[in-house]
1. Pairs to check: K335/K372; K153/K323; K40/K323. Give those whose C-alpha atoms are more than 26 Å from each other in this structure.
2. Mind checking which lysines have their Cα closer than 21 Å to the Cα of K265? Skip sequence neighbours fewer than 8 apart in that chain.
3. Per 10 Å bin from zero, what fraction in whole % of the C-alpha pairs of the chain is there, up to the bin with the longest pair?
4. Tell me, what is the per residue accessible area of region 2-161 in Å², probe radius 1.4 Å?
5. Give me the percent relative contact order of region 241-355, please, defined on Cα pairs under 8 angstrom at least 6 residues apart.
6. Carbon and sulfur atoms: what percent of the 1.4 Å accessible area of the chain do they account for?
7. With the radius of gyration and the Kirkwood radius both derived from the Cα set of region 52-170, what is their ratio Rg to Rh?
8. Note down the net charge around E24, summing +1 for each Lys or Arg and -1 for each Asp or Glu among other residues with Cβ under 15 Å from its Cβ.
Amino acid sequence: MSDRTNLIVFLLTLSAFVSITLFEAFLAMILLYCTFYLFKRREMPKGILTKPLVIYAIPTLLSAILYTPQYINKGIERSLFLFAYPVGSYVKMNQDFLYKMNKVLLLVGYVLMPVVIYKFYKTGEPAPLWGGWFEVGIFYSIFSLVALALFVKDRNYLYLVSFFIFVSFVFLSARRSSLLALGATLLIFFFLMRRHIPIRYITAISLLLLLVGGFSSYLLVKKDERFGTLYQVITRQKPINDETLNKISSLRWKNLKAGVEVIKKDISQGNYLQLLIGHGVNPGYHLEPKSPIGGAYESVMFLSEFIQSGALGLIGIMLLYVKYYTFVLRFPLDKENVLFAPFLLTLSILFVGAIFTGFWDALLPLYLIWFKITEEHRA
């Protein structure tokens, strides 16, 4: 099954950057096939993330069925789609396939660049073939890891140039969650590779990143109200109050206060089932006070996910983080297997960014498959 699965994952990866509809249709077929395969062989899904995913998925699906049946399709996506994770067990990542996957991702990064630039020029919003600001931030964070891994492997400076080009696109996205996620994930990468990358390379890359970051930050302060307001608060030109906090946080401060009121109301009214499994998908549309920015109480993940998936769902997420980072920080990354880095660390980009956005991402099932591939290699 491994050769067939390698091709399936390769095609699934390509579809993810082309069309979210195509990706989800392809993913649904893969899930059905994988379920049939496991049932036929009488196997149970295995992996260090299986239990946390189950703990998160069950309340997410139940609360969607009970409280937001109009969003049952999203409830299924955010629960059952996570069980694509075991597919990675059947992928055999030899060096040849690793090279192909990394180089294809590098190529995708370049192919999408004209699209991102064109949409930014036309609409003022950088976007790939689908999605928007956040997808640019996440995609180019992944492409940055790919370019860096290829540079460490081959010492070809064209890959290093690609790395800085891709990083500049992360700054172009102006998503603070993406910038924070990429920065934290690069620190993890350098920690894992500390004995295998000469200090001069780490120093040079760090200085260049500071230069790119400093220049980009200057532009963002001038062009972006959020960064400009933050600068004014830091330099004491403006006070810290509800108005400035909402500008800096893109209304997350207002959302946070609304979410706290929802939880207080649940406790005072004895809504114990909702506290346990949550209020379902997009609860901000029907709860009081309503979310000021849409369906989610997007502020900090601990509050927004608690409202959506309850205490059980939040426990599942926290356990997922612990299991994942415990594995990652013990992964024996070196020059020989450095091409696993993008597949190992993409979840970190998502997980760190999710702290101030939300846990779910449309491509999370793919990133779980990628992680499972590295988990199998480590085993």
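1. Beyond 26 Å: K153/K323; K40/K323.
2. By straight Cα distance, K265 reaches K254, K257, K290.
3. The percentages, shortest bin first, are 5, 22, 32, 27, 13, 2, 0.
4. Roughly 49 Å² per residue, with all protein chains present.
5. On the way: 118 pairs, mean separation 26.3, N = 115.
Relative contact order here is 23 percent.
6. After summing per-atom areas, the C and S share lands at 67 percent.
7. Checking Rg against Rh, the ratio lands at 1.10.
8. -1
The values are calculated or read from the model by the stated rules, or taken from the named source; none is laboratory data. What you are looking at is a predicted structure, and each value in this text was computed from that prediction instead of being measured. FYI the Cβ positions are ideal-geometry reconstructions off the backbone, even for glycines, and counts take in every protein chain you see. Please note that ligands, DNA and RNA were not included when accessible areas were found on the heavy atoms of the full protein model with its side chains. Shrake-Rupley method; radii C 1.70, N 1.55, O 1.52, S 1.80 Å.
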